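Each remark here refers to the structure printed beneath this line.
The values are calculated or read from the model by the stated rules, or taken from the named source; none is laboratory data. This one's a predicted model, so the numbers in the text were calculated from it and none came from an experiment. In this analysis, Cβ positions are derived from the backbone assuming ideal geometry, glycine residues included, and neighbour counts consider all displayed protein chains.
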Amino acid sequence: MRDKAVYILGILGTILMVWNLHNIFVVLPNEAAQGAIGKMLFIHVPAAITAYAFYGVAVYCSVAFLITKNFQYDSVAVSSVEVAQVFTLVNLVTGSIWGHIIWGIWWTWDLRLTSQFMCFMLYLGYLLMRPAIAEATQRAVMSAILAIFAAADIPLVVMAIRLHNVRTQHPAPVLETGGVDPTWQLPLLMGFIVLMLIASALVLVRLRQETVHREIDSLRRELHAI
Amino acid sequence: MKQGLLAALFIARKDLRTEFRTKEALNASISFALVVLMLFSFAFDLGRDEFYDISGGLLWLVFTFAGALIVNRSFIREVPNDCLDVLIASPMPAWSLFLGKVIASFVLLLIVELVSLPVFGLFNNLQWIHAFWPLFGVMILATWGITVTGVAFSAVTVNVRLRELMLPVLHYPLLIPLLVGAMQVSTVLIKGDPTDVFQELRIVIVFDLIFTSLALYLIEFILVG
């Protein structure tokens, strides 16, 4: 059942992505002020939103794990964090390339850039700590707690950096202001759908790996007991 | 509640007494703070005014690095002879144990800070006496934030391989908002600027409140599982 879902999500995501990329690069004209690099928006913004969505899933599952102690939640949480990390990295790298061309610099300690980078670092700690705990229950509990701590920190990071750096170089978020051209709305929405589909497929693949890993672990423990 | 608080004070007294007998963490942390202060003098070649501009930032870097050594010890100290298991099995609630450990680490870190602050001023020719009391207030607020999160992570990493490496990796990114606030308030205080720093101070207070309540609530899961 889950295998089928992976294939369906993956294939659907790929087909839509090809169609959308054709739309973005061939059909749509370049951005008037920025030229071709302005089209980075179609990957940059959906990658960020997809990452947030899966961080959200991870935090929800972490809380659910602490309440229910059901290991399935832990598996979903770790899979989501890993995939979200990849998409955060995509967001940071595409943003950096865009910044290099438009601003002339690869990086600046700006509100959005810094908070995104901190988000990446906080959950990197989560992924680094997991393999260092041998016992499964303890690993799951500690990871859940770390995910909750990190989630509680993110609003504070935003609040702190907003003070530290009131000037911001980052373009106004078009999704909040609604300032995106009508012809760009559909590719942007499709970009978001495509990345969500692919991210969901990746989470399912990673989830299966996690489940198998857990089974192997329990078999090994059984063998050890014998 | 009252029993729990008494138990917390008891744990804090026990930890402080153990520490003052051996002075392991305290000596290491103070010497480390001095080494970092010395390194700063090689790292920067600034004019006096420029140094005032970054003084708060440097000060809190020293305190945070020194703090890592203090909070790292708080739960690891109980691992030999299975003391931690005995403490968890004792009738006091988990939050008392945690609060006691936080209070002990808080006092120790504050001592380290009070020793390094004059040395920092002395080495770098900074006038800080005029701002001592407000600075002390900021130190109390931010040190509480550092120790409450640090001790929580010390409990999380107590059974982790390479825990000494893990703790800073997990702890420092979390501290960013607290440090941004504390650094800016301290710089303004040392420079003697009449700038309004209530906004910055508010972040430190909100950080303390959020993470103290979160840690007190979650510590049961961390220690008992």
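Points worth noting:
- Output for the stretch B:123-152, where each listed residue is within 18 Å of residue A:138 (Cβ to Cβ) and out of contact with any Phe, Trp or Tyr (no Cβ under 8 Å at 6 or more places or on another chain): none
- Residues located in the stretch B:165-178, provided they are within 7 Å of chain A (Cβ to nearest Cβ) and buried (at least 24 other Cβ atoms within 10 Å of the Cβ): B:170, B:174, B:177
- Residue in the stretch A:127-140 that is surrounded by 19 or more Cβ atoms within 10 Å (Cβ to Cβ), within 14 Å of another protein chain (Cβ to nearest Cβ) and either in contact with a Ser or Thr (Cβ under 6 Å, 6 or more places away or on another chain) or outside any helix (DSSP H, G or I) (or both) present: yes
- The residues listed here are B:122, B:114; of these, the one that is out of contact with any His (no Cβ under 7 Å at 6 or more places or on another chain) and under 26 Å from residue B:202 (Cβ atoms) is B:114.
- Hey, residue B:46 surrounded by fewer than 18 Cβ atoms within 10 Å (Cβ to Cβ) and free of Cβ contacts under 8 Å to residues at least 12 places away in the same chain or not: yes
- Of B:121, B:145, B:150, all but one fail to be part of a helix (DSSP H, G or I), under 17 Å from residue B:58 (Cα atoms), more than 9 Å from chain A (Cβ to nearest Cβ) and of a type in the set (Gly, Ala, Ser); the exception is B:121.
- One residue stands out among those in the stretch B:169-193 that are in a helix (DSSP H, G or I) and without any contact (Cβ under 8 Å) to a residue 24 or more places away in the chain: the one that is nearest to residue B:210 (Cα to Cα), which is B:176.
- Residue match in the stretch B:141-164 (condition: among the small types (Gly, Ala, Ser), surrounded by 18 or more Cβ atoms within 10 Å (Cβ to Cβ) and closer than 13 Å to residue B:68 by Cβ): yes
- Residue in the stretch A:131-150 that is modelled with pLDDT of 85 or more and touching a Pro at 6+ places or on another chain (Cβ under 7 Å) present: no
- Test: residue in the stretch B:122-134 that is under 23 Å from residue B:168 (Cβ atoms) and among the small types (Gly, Ala, Ser): no
- Criterion (more than 13 Å from every other protein chain (Cβ to nearest Cβ), surrounded by fewer than 18 Cβ atoms within 10 Å (Cβ to Cβ) and touching a helix residue (DSSP H, G or I) at 6+ places or on another chain (Cβ under 7 Å)) met by exactly one of B:107, B:138: B:107
- The residue that is nearest to residue B:136 (Cα to Cα), among those in the stretch B:179-203 that are more than 8 Å from chain A (Cβ to nearest Cβ) and within 16 Å of the chain's Cα centre (by Cα), is B:186.
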